[in-house]
Amino acid sequence: MTDATPETGPSARTEQTVDDVLIAGGGYVGLSLAVAVKMAAPHLAVRVVDGAPEGAWKRDGRASAIASAAASMLDVLGVWQEIAAEAEPIRRMVITDSKTGDPVRPVFLTFEGDGGDGKPFAHMVDNVAMVGALRARAQALGIPIQQSAVAESFRSGDHQVVLSLADGSTLPARLLVACDGVRSRLRQSAGINTVIFDYGQSGIVTTVEHERPHDGTAHEHFLPAGPFATLPLKGNRSSLVWTERTEDAARLIESDDLIFEDQLERRFGRRLGALKVVGPRRAFPLGLTLARAFVAPRFALAGDAAHGIHPISGQGLNLGFKDVAALAETIVEADRLGLDIGSLSVLERYQIWRRFDTFRMGVTTDVLNRLFSNDVTPVRALRDFGLGLVDRLSPLKRFFISQAAGEASPSDPRLLAGRPI
């Protein structure tokens, strides 16, 4: 590391140094990348800058599905035990297809089983618990987290990259990683083009309590406007991901509690008894966003900054964790070989590792959304036949379970197989 200009602010140091890895974004991707690199290469200076105000992460009312392979990675990072205490295993997935008002919802496909070694193929966990565990682990490793530091742009040189913050200050580093979300300012600053498609849908997210236990069962009910998923949380609670046309979602979010809960019950049904909304209700626009490149000199994209996909497969978070595993291994192995961790030749390995898999998942979710978010009778018949076929063919069903669990192949990064870098 080399000395640079003095730093001011709450995380000021006597001398500003050139960090080895500077990560923009303090969500689960940015924090897990910081922890993974620091654990494998303690001598590297890793810093996280987070544009959100102090404590904002504690107000995140959402929950996420963590695949078995991602859980293995988090175990290596030393946070899974804490997260698992707040997580609910998904042991069964039931898929139905009908119209909203249909009195009977035929079950076309049921997934039961595990992701290997007797582990559930996924867990549901509140984002607050997941991010809180990662923040605590980062702080225990001595990783600075610079809060309310909004990343605006950057410029790259031969030996370092300089990040400009909204307050006018700058931070130099050997490598800058953008984990700043699907509308990434840093991706734009890098001049990286994206493929963007707006589905005209929004995902309504909230948490409900119900009278009866869910028994670890997740339901995905395909409706003409899009999938309505209920995902089990700790206790008699479920997380909802409710897809609606954007204009309808806006009306539902703005409606009073009585109307919202009435519409919710029509979709959720009464299988778990009376329902009560206990979390904030929010709507997020849904679309497909794929970066045409994941790297540039001294710069890399990870997580939603590299890709945003439809939640129909529940794999958005796990794509981000795959990015973390691949990028951390790329950085650490290059450092061990004495290579420049910010050079384009080093970062190309990460891009090759991740871009095709991301493109494949983006196309898959796009096709699934188009196939299931409609009410055309021949299309419904075709998709229901396909679901029933998968349900009856054990090898094919096992393949889909392994995909949901994110089972690691020999060519995948070591962290996804539960092995340290």
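Just so you know, all these numbers are worked out from the coordinates, no wet-lab data involved. Just so we're clear, the structure is a prediction, and the values are computed from it rather than from any experiment. Don't worry about glycine lacking a Cβ; one is built from the backbone with ideal geometry, like all the others, and counts go over all protein chains shown.
In table form, for the structure just shown:
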read-out	value
Residues V295, V150, V332 arranged by fewest to most Cβ contacts within 10 Å	V150, V332, V295
Exposure proxy ranking, count of Cβ atoms within 10 Å, fewest first, for H307, H214, H221, H43	H43, H221, H214, H307
Convex hull (Cα only) mean projected area of the range 42-88, reported in nm² to one decimal	4.9
Local net charge near A283, Cβ-Cβ under 13 Å (Lys/Arg +1, Asp/Glu -1)	+1
Calculated FRET value between R370 and D158, using beta carbons and R₀ = 30 Å, to 0.05	0.05
Charge sum, other residues only, whose C-beta stays under 14 Å from L44's C-beta, Lys/Arg counted +1 and Asp/Glu -1	-2
Estimated distance in nm for a label pair at A56 and Q188, the labels positioned 7 Å out from Cα along Cα-to-Cβ	1.6
For V324, V367, order by how many other beta-carbon atoms lie within 10 Å, fewest first	V367, V324
Selection from Q81, A56, T96 lying farthest towards where the dipole of the range 48-97 points positive, charges on Cβ	T96
Point-to-point label distance, I352-T110, nm (Cα→Cβ direction, 7 Å offset)	4.6
Radius 13 Å from Cβ of E211, net charge of other residues (Lys, Arg +1; Asp, Glu -1)	+3
Förster radius 60 Å - calculated FRET efficiency between L337 and A250, Cβ distance, rounded to 0.05	0.70
Centroid-to-centroid separation of the range 202-270 and the range 282-359 [C-alpha atoms, Å]	31
Highest-first arrangement of 229-240, 75-86, 273-284, where packing means the average Cβ count within 10 Å	229-240, 75-86, 273-284
